[in-house]
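Worksheet for the structure shown next.
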Amino acid sequence: MGINVAVTGLHAADNPAPGIGVLRSLRYPNGWDGELIGLAYDTYDTGIYDRHLMNHAYLIPYPNQGKEQVFERIRAIHKAVGIDVLIPTLDSELQLYQQLESELKGLGIAMYLPSADTIQKRAKSKLLEFCKANDIETPKTIVINDPRQFGDALDEIGFPLYVKGVFYDAYACYTRDEALKQFEKLRLQWGLPALIQEAINGEEFDICAMGDDEGNLLGSIPMRKLRLTDKGKAWSAITLNNPRLTEFSKKTMKALSWRGPCELEILQESKSRKLYLLEINPRFPAWIFLGAGANQNLPKLAVELALGKRPEPLPPVSSGITFVRHATDLICPLEYIENLTINGELHFEKQKM
Amino acid sequence: MPKQKYIKPIIIRHASAGMANKFGRPLTAIPTQRIEGIQIQELAANYGSPLFVLSVRELRQRYRELHRAFANRYPNFQIAYSYKTNYLKSVCSILHQEGAWAEVVSGFEYDIARDLGMPGNQIIFNGPYKKRDELKRAFIDGAIVNIDNYDELNVIESLADELGKTLEIGVRLNMNLNNPPWYKFGFNVESGQAYDVVRRAQSSGKVKVVGLHIHAGTYIDDLTIYQKAAAGILQFYQSIRNQLGVTLKYWDLGGGFASRNTLHWAYLPGEQTCPSYSQYADAISSTLMSIGLPPNEMPRLFIEPGRALVDEPFSLITKVVAEKRLPSGQRAVILDAGMNILSSVQWYKYGIQTVQDSGTMVEDTVLYGGLCMNIDVLNANVSLPQVRFGEYLLIPHVGAYNLSQSWQFIFLKPAVIAIEDGEVKVIKRAETREIVQAAEELPDDFRF
Amino acid sequence: MYEFKNELTMSKSGFLFDHSSGQTYTLNPTGKLIFEKMQEGLDDEAILSTLIEEFEVEAHIARRDLEDFIRQLKEMGVI
Ligand SMILES: Cc1ncc(COP(=O)(O)O)c(C=O)c1O
């Protein structure tokens with residue numbers, strides 16, 4: 001009997017969500033035995049129109065509609081199609097699914113997520129403390145709660161530096177005037193706290209990594225971005241063979257006891273070649289399908305882990321594999337829209353996935 | 001053939017973007033028919049609408065849970081209920097039955113507590129403005145007084161002369177903990193101001209510092225703020241103990257714990273982001289316990305919760321008094337309750353529940369209060385089924401600040417009832433015009 | 001008699017598609033019934049009596065709701 005997997009995050013317009021890469025990875029290279037179920041938020045989430053990607057698509061309430069409502073909806077879907085494993089792929093969902101973990105388990109739906117405690121530690125405003133405690137380099141950062149700390153923070157960090165919001169926006173600044181201007185702009189738009197961060201000159205790398213229950217590294221896909229969209233998202237990248245990056249992710253994952261998938265953003269300083277941790281995203285990245293092509297299928301690993309298996313670490317990725325993101329148009333009849341708007345679901349005739 | 005149940009006809013135009021999908025039946029479409037087992041319609045019929053309803057069971061239960069969470073982790077612990085949150089006599093008195101002390105911030109609140117029979121030595125008197133005669137009475141009664149500023153210290157020193165004895169005081173601290181930091185109250189730790197005031201107080205011989213107090217803000221759902229506050233107070237105590245020989249009888253970590261309501265700027269609902277009592281208790285007591293004193297030498301730990309105790313046990317019953325369609329096509333509903341009795345709508349995106357079954361097809365609706373003011377909006381966008389004129393809605397979790405901060409404006413304030421064991425008791429009668437105008441005079445010269 | 005501005009297709013589920021503008025709508029069962037009666041050429045009074053016959057509703061409420069519904073159709077440019 002095949003395993004039925006439900007995946008969220010299916011909208012791939014100008015800022016693609018990871019769910020599509022996850023579904024493609026599961027089907028790679030020879031199709032998937034069970035049913036694949038797409039969980040989407042909007043009638044026009046693009047992925048649910050791709051009949052080759054999934055067997056069923058369902059609309060679910062946004063996480064901000066509350067735990068109970070999301071749970072009720074997933075329970076109804078589970079009753080209709082049976083879900084064995086659920087893979088949430090969006091930042092905004094993580095907290096909700098952590099809270100639903102035991103209730104979903106009660107229904108027989110397994111997940112493999114990082115713990116709430118882990119997530120707290122990697123929050124942008126807390127990353128510095130965590131890194132200090134674990135001897136991991138990260139750009140020096142000061143959290144500003146009170147505008148009067150601003151001047152001192154500039155002196156302490158020195159120029160150039162970044163003025164950053166806790167969730168959005170980062171501006172490179174070279175002078176006090178510039179920094180003050182950007183700080184005021186951020187403060188007006190988002191309020192405080194804001195961050196002042198040391199600007200380090202170097203090259204950026206991304207790693208998608210998977211940790212087991214103790215944070216041991218089971219697989220990692222190091223890559224370097226080749227082309228960026230104007231929003232800074234990769235639309236082309238190449239896999240690397242770089243033992244230092246792998247060691248770095250191993251150490252970070254272990255220090256956080258990171259369970260499940262994540263994307264690490266890492267910077268290598270030009271002169272010293274020291275590695276700095278910039279950010280950790282607690283989910284698969286949108287480019288995850290690259291791994292399947294490079295001999296490391298982390299979504300398949302995630303399904304095994306969710307089902308309680310304890311797989312061996314994967315052999316390293318093949319380096320030099322490239323992806324190029326390519327947008328295409330799908331054609332669909334009016335019934336698709338009608339079914340999604342009125343019933344919130346869409347079923348594709350049974351086909352080998 | 002029996003007739004079908006009627007639901008108002010609607011057509012919804014699909015917007016090109018930004019419409020939340022309605023799959024997963026919105027909770028607003030699942031009617032809540034009873035509070036504590038009693039029909040909401042019956043309550044409204046008997047006591048009027050709008051109507052505040054207190055579940056006494058829930059209030060007691062919350063107190064007991066909060067107390068247990070801390071008492072299991074800290075040996076010498078006491079809750080002082082923050083009166084300002086809701087000083088209805090019954091609310092305070094029920095919490096005193098459960099064992100709470102009183103935390104007051106004005107002479108008016110102090111009198112309420114004494115009048116209920118609270119002994120002075122179970123009242124904590126805080127706030128930036130305490131009058132001389134109020135302070136005098138508090139010291140005579142043996143109340144716990146936390147000072148806020150130097151001017152107050154001067155007054156207290158002169159009272160010490162007048163009363164002919166050394167007066168025990170606590171010092172309210174502030175630190176850079178959150179955003180924005182609450183620097184208005186007390187003495188700043190980072191700048192050395194707090195240390196200076198303790199030194200000055202100790203050296204005068206007229207007062208003796210026996211307590212430290214901090215209250216970092218309200219609706220704090222970030223546990224690290226409590227960890228930092230506890231660490232800050234601990235470190236400050238170590239410095240004044242070692243250098244100034246101060247021995248504390250208590251430290252007071254204030255209130256500020258969140259309730260399950262959702263703030264306007266929050267993405268996730270409060271029910272998901274609000275930490276549990278145990279998490280708060282852990283954050284505070286694990287830090288304080290690290291001081292490593294034997295249990296009998298540990299200062300007593302006070303907390304002063306308000307919101308986290310009384311928000312959830314209260315609901316507001318309100319009635320639909322009109323339906324409208326706005327030029328934008330959006331549906332609007334006008335209620336008999338307004339922001340005059342629900343001032344926390346400034347901060348909260350209140351949840352709304354239906355009382356009758358109005359079908360499952362929901363529509364984005366704006367809920368207006370009944371005041372003659374354009375800003376009187378109780379929820380700018382809620383997915384609501386087709387509730388009709390005369391039907392009731394329920395707004396849960398309204399017990400904190402709304403009753404004590406309500407304003408008198410064009411309508412009379414509604415009644416408040418309490419339900420326990422299926423029995424309804426009126427704890428505040430609906431206001432009458434006589435009550436509102438009782439303090440007014442109309443001089444003969446002004447008559448016509 | 002109401003005149004519909006464009007070619008419209010109503011599906012069993014209450015999903016309405018306007019062929020010339022591409023706009024789509026959802027109607028609840030009561031709305032759908034009224035809409036279909038309008039398409040059949042019934043006037044307000046006839047629609048009203050259908051409503052009262054089939055549903056548990058008082059005449060004055062049904063009349064008000066019908067007026068409101070028709071106003072909405074006009075505002076949306078459907079009729
Ligand atoms: C000194 C003090 N203690 C306690 C409280 C109660 O706060 P909360 O209702 O957030 O628990 C307040 C409220 O602002 C306060 O000022």
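Numerical summary
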read-out	value
1 or more residues among the aromatic types (Phe, Trp, Tyr): qualifying helices (runs of 4 or more DSSP H) within the range A:246-353	A:289-293, A:334-338
Answer from A:37, A:20 - the residue that is in a strand (DSSP E or B) and in the same structural domain as residue A:89 (by TED's automatic domain parsing)	A:37
Within the range B:201-250, tally of residues that are within 16 Å of the ligand (Cβ to nearest atom) and among the β-branched types (Val, Ile, Thr)	5
Sole residue being crowded, with 18+ Cβ neighbours inside 10 Å, of a type in the set (Val, Ile, Thr) and assigned to a loop (DSSP other than H, G, I, E, B), chosen from B:247, B:218	B:218
Residue in the range B:114-136 that is surrounded by fewer than 24 Cβ atoms within 10 Å (Cβ to Cβ), within 15 Å of the ligand (Cβ to nearest atom), at pLDDT 95 or above and on the phi > 0 side of the Ramachandran plot present	yes
Residue A:252 vs. criteria in contact with a Leu (Cβ under 7 Å, 6 or more places away or on another chain) and of a type in the set (Ser, Thr, Tyr)	yes
Which numbered condition residue A:183 fails, given (1) farther than 28 Å from residue A:210 by Cα; (2) outside any helix (DSSP H, G or I); (3) touching a helix residue (DSSP H, G or I) at 6+ places or on another chain (Cβ under 7 Å)	(2)
Hey, residue B:177 within 14 Å of another protein chain (Cβ to nearest Cβ), within 16 Å of the ligand (Cβ to nearest atom) and in contact with a Pro (Cβ under 7 Å, 6 or more places away or on another chain) or not	no
Residues satisfying the stated conditions in the range B:284-307, i.e. under 17 Å from residue B:72 (Cβ atoms), in a helix (DSSP H, G or I) and within 15 Å of the ligand (Cβ to nearest atom)	B:284
Matching residues, the range B:168-194, being closer than 14 Å to residue B:145 by Cβ and surrounded by fewer than 17 Cβ atoms within 10 Å (Cβ to Cβ)	B:168
Residue within the range A:263-270 that is closer than 30 Å to residue A:30 by Cβ, in contact with a strand residue (DSSP E or B) (Cβ under 6 Å, 6 or more places away or on another chain) and in contact (Cβ under 8 Å) with a residue 60 or more places away in the chain present	no
The one condition in (1) at pLDDT below 95; (2) more than 9 Å from chain B (Cβ to nearest Cβ); (3) under 23 Å from the mean Cα position of the chain (by Cα) that residue A:142 fails to fulfil	(3)
Residue A:74 more than 14 Å from chain B (Cβ to nearest Cβ), within 30 Å of residue C:24 (Cα to Cα) and at pLDDT 95 or above	no
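Condition check ((1) within 14 Å of another protein chain (Cβ to nearest Cβ); (2) in contact with a Ser or Thr (Cβ under 9 Å, 6 or more places away or on another chain); (3) surrounded by fewer than 19 Cβ atoms within 10 Å (Cβ to Cβ); (4) of a type in the set (D, E, K, R)) across all residues:
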site: A:296; (1), (2), (3), (4): no, yes, no, no
site: A:304; (1), (2), (3), (4): no, no, yes, yes
site: A:317; (1), (2), (3), (4): no, yes, no, no
site: A:322; (1), (2), (3), (4): no, yes, yes, no
site: A:329; (1), (2), (3), (4): no, no, yes, yes
site: A:334; (1), (2), (3), (4): yes, yes, yes, no
site: A:340; (1), (2), (3), (4): yes, yes, no, no
site: A:349; (1), (2), (3), (4): no, no, yes, yes
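The values are calculated or read from the model by the stated rules, or taken from the named source; none is laboratory data. Treat the numbers as computed from the prediction; the structure is a model and nothing was measured. For neighbour counting, all protein chains shown are included, and Cβ atoms are generated from backbone atoms with ideal geometry for every residue, glycine included.
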